[in-house]
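Written below as structure tokens is the structure these notes are about.
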Amino acid sequence: MDLDPEDVFKDDEDDEDSEFFQLRDSTKEFVVYLIDASPKMFTATCPGADGENETHFHIAVTSVAQALKTHIINNTYNEVAICFFNTKEKRNSQDLSGVFVFDVAEREHLDRPTARLIKEFGCVEESFAKEIGSQYGIVSGSWENSLYNALWVAQALLRKGSTKTAEKRILLLTNEDDPFRNISGIAKADMIRTTLQRAKDAQDLGISIELLPFSRPDEEFKVSIFYADLIGLEGDDLIEYMPSAGQKLEDMKNQLRKRMFAKRIVKRIKFVITNGLSIDLHTYALIRPTAPGAITWLDSVTNRPLKAERSFICADTGALMQGPLKRYQPYKNEDVKFSEEELREIKRVSTGHLRLLGFKPLSCLKDYHNLKPSTFVFPSDKEVIGSTCAFVALHRAMIRNQRFALAFYGLSTNPRLVALVAQEEIISDGGQFEPPGMHMIFLPYSDDIRDIEQARTSQLTTKRPAHRATEDHIQKAAALMKRIYLKDFSVCQFSNPALQRHYAVLQALALDEDEMPEIHDETLPDEEGMSRPAVAKAIQEFRTSVYGEDYDEADDKPRESEASKKRKAAAECVAQEYKNYDWEELADSGKLKDLTVVELKYYLAAQKLPLAGKKEVLISRILTHLGK
Amino acid sequence: PIFALIVAVVVHLFINCLIRSPSFSVRQLIYHRADEVGFVLFGTEETDNELTNEVGGYEHVTVLRNMKVVDGDLVDGVQQLPRGTVRGDYLDAIVVGVDMLIKDYKVSFKGRKRICLITNAQCPVKDPDEGTKEDQVSMIAKQMDEKGISFETIVVRGLLSVGADKRTLEENDHLLNLFSIKASAKIVQVQNPCSLMGALRTRHISPVTIFRGELEISLKMKIKVWVYKKTAEEKFPTLKKYSDKAPPTDKFATHDVKVDYEYQSVEDPDKVVPPEQRIKGYRYGPQVVPISSAEWDAVKFKPEKGVKLLGFADASNVRRHYYVKDVNIFIAEPGDTRDTLAVSALARAMKEMNKVAIVRCVWRQGQQNVAVGVLTPNISENDNTADSFYFNTLPFIEDVREFQFPSFSNFPASWQPNDKQQEAADELVKMLDLAPSSKDDVLLPEFTPNPILERFYRFLELKSREADAAVPPLDGTLRRITEPDPELVAKNKYVLDKFRSSFEVKVNPKLKKSTQRVMEDNKAGGSDEEDGLLDAPPEALAVRSSDDTHVDEIGDSNPVQDFEAMISRRDSPDWIGKAIQKMKNKISGLLLSRPYQEINNSTALDCLEALRKGCIMEQEPKQYNDFLRECIDENKLGDHNIFSRFYRDLASKGLTLISKTEAPDSEVPEDEARRFLLKEPKEE
């Protein structure tokens, strides 16, 4: 990890926060894409996005390319291999015919995707016929079986690592529902048997095989002919397979770039309910703002990574300081010094447990009692038997009585009062929408709450009752609310436009793409919807009710605030002062150093350069800007 | 920024806590050094104030400290607060305070003037010579309002007022409330010393807007609003680093520490790169892509400043735990009554219909991200204060991790509470009540001080007197925040005992010792090694022992089975080596952990036997033979009796070296293997 000076300057307290926000990548996934390259993939087509027919092969390749682009951002430690089968040329470690492992330099066959892989794979179609070639691998009279070979190669690629730490998958993309249609008799039965056995062997090793079939408009892919046995489909699954497979392919192409995290326990905590009764809880971070990827500083000349070395130097003697430094606080004309140990001791106000203090009605938890994202807690019987039972009982009782638990969470660096709010499980569309458990909400102390309302009121010159909306105003507002109603609003329905933009730009720059992608900002209001007559009318009525008929748009010009007036005046003053100096001349004659810092800043401010730094820094900035 | 503190000295208990807690004055000294503070006491035996001298009356009111800039005396002054003896009249005291502020500061004075009254409001106010008590209050309030004095009352109630005259209390509450109608006044009630400390906010951060502009309902309608921070975490103060390198004789030493950064190439630490030559790199797969700030700026997301309404949603669709940051408050721009009306109308309609507003916010021009958040109504209870909205930031899709958890209904019956247990839990939740009434909300965040900061400022004061002082333990007042209230616990002893006896909770005996120790120390969270173990959801743990193919650890309960399962795993050739190594560790652990006791003895021998069998099967005789020799060598040094017993046990089980006949790879001939355990090595 490289040190970013801005990070280092942060207060000690932030260390705990960074732990709090710590992100870890999910357990790895190893994926082998097995793409059928038989002639049928090139002849069969289906309508593409822009109405023109596209070959199945094209769709397969673009979907995989898209999946790779998502992979590299979402799960950067996942490893992938791309493998064509039914090819003329062969390239694989077992030297099996009809199978071609696509790869680029500086990469093992099964490895993390690189920009180069994505780039070259993006244009694989151009050179495909020449370099790889398409050819049926299963023909009558020959004992070759390209599907069998492909599975074997994939399995060999996935030999790496254990299934404990990585999920292993084979994704098979084909439009041939009957791969052995050209074979007959005993040979066919034999091939089917050996191929199925090969698939089963792979599955026994913990490798899952998924099928992404392509149908032609006139001919549906029949899973039941062969592949149902291969991937182990039965009954209802078989019937529902085809529609869901189409969806899967769509998902693969349109997946949102979103870094994935494995379910991971952040902390194991002891919840002391009363003296002599403690249960064991695990905490999970379900909601944490995602920051764009971490920065690594590079040398701009060589593009090689840099690391920051920090040293502490005594300002009086210039000596290098070692070890934990003492700290001080100026107080009553002296410096009161503290050792690291003393500061730690001050912060240690409890044993690190979560201590129950009591219960309050949910209405006591105000909207402004919040500081940072909540943490989810779930019981565990692993260490302390009986934890779950007690937790479930409390959980139910809290929901029934509409109460939350107030507890003290004695973290070693930033202990806080927390509200434990019980959440019932919510299932919707067959998925778990809200998991059952409790959410720990970090409460502010009086030191953290500002009484803005009071401060605002006391600034008013004379006391008079504040204006309250009348019944008519409220009714008009209510009518408006019914019109601009977000039915079924769900809290996280927007993707972060800044983050999506960041990923898209990073991808474009990494892959040398020519065009900067446009990202759709989902967070903008629906202006079309707002201008629908009924909505516009409701808004109009509310506006008239509150602001009156004569409310003039022109009157609505933002009045210039005091602060901005001041700012403008200051800027003008700087511009004037700036003209009083001959900067070129001063720079050339080395007289900049004779100016005061205030004078130097006239230049910087006028040129809109940063004003921070010591005098030497300012001078060098001016010189750089003047091109000296 | 000046401020007169008026204290009723009869509130002994609370004054004691103020004396013990100098943090109030300490913070005043650190953060508001320009403030001027005076102290007026009432209920004192003596009388000492200017008004008495000038016009008479105003007895039992003592000016302890005239208005002056805060200094060390302030701390001492608070610590010397005398004990009051007579009934005091708070109105007299207020008049003395107002008089001080008016006399000392001319009309042209720009600072803020505050009066803070701390009283239990138990003593009745004297009847005025003319008019009613209400008239008198109105007059004082009017005077305050005209002179721009804000007024805050902290009424101390709780156990102290148990014996008080109820009518007096009601009258005083009524009179004090009158102030908030006529003047800029606030009255709060606290129940205990801890809340008093919380209520007595000393660090006054003057509110600064983070946004002034329009709340866009649509293109056609905009409401002018100002946005402030409602909550912001007050961090532990950042202390400067101290250098003691300067000789003690150097009187001008700054004792400062400079922090220096040097950027070195990772490959070649001798190569130092100047800061300007650095460029930010972003990870893309295994690669790092260098992107200059200029390049980024050209393509970055740059939304327009503004706050736009997206729509209204049902309040129930926005759950409380989705709030991700500190909270802002939206107030209509002061001045235009119509904006105030619009905010008020929306807030009240939202409250009535149980709706919230979803808004998209870009606070500053040039900000590189947007915030989507929720506005909830804040309906004012005070007539002088306008209605407003609270704003909470909501997460984006990217910020939410969809982890699955087992349904409670799928838990085994032993994890489901029975009726008796549920009843005990219900009673606990109802009875261990921290908010029996809306006025009695214990540990309300608004009145709960941060115990760490309190402790720090107290310690700072202590250390300024005694440099070697140790950090004192948390006192009783602050322990009301970190521990349950003993009174509440005593009151609910029956409920708590019932809950405790209803649930049987014990440490899992099957747990590895190391893990147990972690539990006892409660060093929660932890190393990667633990995480691997803990990551599995509970239901997976239940099946793990029966699923042999996935054993990857040799546990305590069935080491032999674990080993056999592990060594026969075929998903990777590495398992054989791993299994053998882990088994060796296990055996060494068993032999070393306690001096060869009976229990471990047989387990260790069983393990050794299994290891021997495994090594023969997997053609790894050397691994076993070397290990056995090591074991014997190591144990030779221990107690001779125990060692010879171990030796005999080995022999009786036939756990000698693996011979060539058993495994072709072995270098040990059969007769040597047979002889190996026959002759007990002599003690050296």
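The values are calculated or read from the model by the stated rules, or taken from the named source; none is laboratory data. As the structure is a prediction and not an experimental result, all values here were calculated from the model. Using ideal geometry, Cβ is built from the backbone for each residue, glycine included, and neighbour counts are taken over all protein chains shown. The area values use the complete protein model at the heavy-atom level, side chains included, leaving out ligands, DNA and RNA. Shrake-Rupley method; radii C 1.70, N 1.55, O 1.52, S 1.80 Å.
Observations, loosely collected:
- Residue list for segment A:474-523, filter: of a type in the set (Phe, Trp, Tyr), more than 15 Å from B:ALA371 (Cβ to Cβ) and facing another protein chain (nearest Cβ under 7 Å): A:TYR485, A:PHE489
- Checked against the criterion of being on the phi < 0 side of the Ramachandran plot and out of contact with any Pro (no Cβ under 6 Å at 6 or more places or on another chain), the candidates A:LEU172, A:LEU147 yield just one match: A:LEU172.
- Just one of (1) open to solvent by less than 40 Å² (accessible area, probe 1.4 Å); (2) part of a loop (DSSP other than H, G, I, E, B) fails for A:LEU171. It is (2).
- Apart from one condition, B:LYS506 fits all of (1) touching a strand residue (DSSP E or B) at 6+ places or on another chain (Cβ under 8 Å); (2) at pLDDT 85 or above; (3) surrounded by fewer than 18 Cβ atoms within 10 Å (Cβ to Cβ); the exception is (2).
- Filtered by the rule that a residue be more than 7 Å from chain B (Cβ to nearest Cβ) and assigned to a strand (DSSP E or B), segment A:433-457 gives A:PHE433, A:GLU434, A:MET438, A:MET440, A:PHE442.
- Filter pass, A:ILE170 being farther than 22 Å from A:GLN94 by Cβ and of a type outside the set (Ser, Thr, Tyr): no
- Residue check, A:PRO361 open to solvent by less than 10 Å² (accessible area, probe 1.4 Å) and either more than 33 Å from the chain's Cα centre (by Cα) or within 7 Å of another protein chain (Cβ to nearest Cβ) (or both): no
- Residues satisfying the stated conditions in segment A:384-414, i.e. modelled with pLDDT of 90 or more, touching a helix residue (DSSP H, G or I) at 6+ places or on another chain (Cβ under 7 Å) and within 24 Å of B:ASP485 (Cβ to Cβ): A:ALA393, A:LEU394, A:ALA397, A:MET398, A:ASN401, A:GLN402, A:ARG403, A:PHE404, A:ALA405, A:PHE408
- The numbered conditions (1) out of contact with any Phe, Trp or Tyr (no Cβ under 8 Å at 6 or more places or on another chain); (2) buried (at least 20 other Cβ atoms within 10 Å of the Cβ) are all true for B:LEU219 except (2).
- Residue check for B:GLY306: at pLDDT below 85, among the small types (Gly, Ala, Ser) and over 30 Å from A:SER428 (Cα atoms): no
- With respect to (1) open to solvent by less than 50 Å² (accessible area, probe 1.4 Å); (2) over 19 Å from B:LEU496 (Cα atoms), the lone exception for A:ARG344 is condition (1).
- Set B:ARG348, B:ARG360, B:ARG401: member being in contact with a Lys or Arg (Cβ under 6 Å, 6 or more places away or on another chain) and facing chain A (nearest Cβ under 7 Å): B:ARG360
- In the condition set (1) buried (at least 19 other Cβ atoms within 10 Å of the Cβ); (2) at pLDDT 85 or above; (3) over 30 Å from A:PHE433 (Cβ atoms); (4) of a type outside the set (Val, Ile, Thr), B:ASP399 is compliant with all but (3).
- Taking segment B:272-297 as the range and being over 19 Å from A:ASN496 (Cα atoms) and among the hydrophobic types (A, V, I, L, M, F, W, C) as the test, the residues that pass are B:VAL272, B:VAL273, B:ILE279, B:VAL288, B:VAL289, B:ILE291, B:ALA294.
- A:SER380 vs. criteria of a type in the set (Ser, Thr, Tyr) and either in contact with a Lys or Arg (Cβ under 6 Å, 6 or more places away or on another chain) or under 30 Å from B:ASP399 (Cβ atoms) (or both): yes
- Pair list, Cβ < 7 Å and 6+ apart or interchain, from segment B:177-199 residues that are farther than 25 Å from B:PRO449 by Cα and more than 8 Å from chain A (Cβ to nearest Cβ) to residues that are assigned to a helix (DSSP H, G or I) and open to solvent by less than 30 Å² (accessible area, probe 1.4 Å): B:LEU178/B:VAL137; B:LEU178/B:ALA141; B:PHE179/B:VAL137; B:PHE179/B:ALA141
- Sole residue being out of contact with any strand residue (DSSP E or B) (no Cβ under 6 Å at 6 or more places or on another chain), within 22 Å of A:LYS69 (Cβ to Cβ) and open to solvent by less than 30 Å² (accessible area, probe 1.4 Å), chosen from A:PHE214, A:PHE180: A:PHE214
- Some residue of segment A:118-126 being open to solvent by 10 Å² or more (accessible area, probe 1.4 Å), over 22 Å from A:HIS502 (Cα atoms) and touching a helix residue (DSSP H, G or I) at 6+ places or on another chain (Cβ under 8 Å): yes
- Near pairs, Cβ below 7 angstrom, 6+ apart or cross-chain, from segment A:417-429 (at the interface with another protein chain (Cβ under 10 Å from one of its Cβ atoms)) to any residue that is of a type in the set (Val, Ile, Thr) and open to solvent by less than 20 Å² (accessible area, probe 1.4 Å): A:LEU417/B:THR448; A:LEU417/B:ILE481; A:ALA419/A:ILE441; A:VAL421/A:ILE441
- From A:LYS366, A:LYS332, residue being out of contact with any Ser or Thr (no Cβ under 6 Å at 6 or more places or on another chain), over 30 Å from B:GLU504 (Cα atoms), free of Cβ contacts under 8 Å to residues at least 12 places away in the same chain and not hydrophobic (A, V, I, L, M, F, W, C): A:LYS366
- Flag for A:ALA422 being out of contact with any Pro (no Cβ under 6 Å at 6 or more places or on another chain) and within 27 Å of B:VAL327 (Cα to Cα): yes
- Answer residue from segment B:340-369, given it is β-branched (Val, Ile, Thr) and open to solvent by less than 10 Å² (accessible area, probe 1.4 Å) and is farthest from A:MET481 (Cα to Cα) among those: B:VAL362
- When segment A:608-622 is limited to residues that are surrounded by 13 or more Cβ atoms within 10 Å (Cβ to Cβ) and over 38 Å from the mean Cα position of the chain (by Cα), the one that is nearest to B:GLU276 (Cα to Cα) turns out to be A:SER620.
- Output for segment A:55-72, where each listed residue is out of contact with any Phe, Trp or Tyr (no Cβ under 7 Å at 6 or more places or on another chain), within 14 Å of chain B (Cβ to nearest Cβ) and of a type in the set (Val, Ile, Thr): A:THR70
- Evaluation of A:ILE170 against (1) in contact (Cβ under 8 Å) with a residue 24 or more places away in the chain; (2) within 14 Å of chain B (Cβ to nearest Cβ); (3) not small (Gly, Ala, Ser) (one fails), failing number: (2)
- Counted residues, segment A:364-393 - those being more than 7 Å from chain B (Cβ to nearest Cβ) and among the basic types (Lys, Arg): 1
- Listed by first and then second residue, the pairs with beta-carbon distance under 7 Å, at least 6 apart or on different chains, first residue in segment A:338-360 and more than 27 Å from A:ARG403 (Cα to Cα), second among the polar types (S, T, N, Q) and outside any helix (DSSP H, G or I), are A:LYS347/A:SER412; A:LYS347/A:THR413; A:ARG348/A:SER412.
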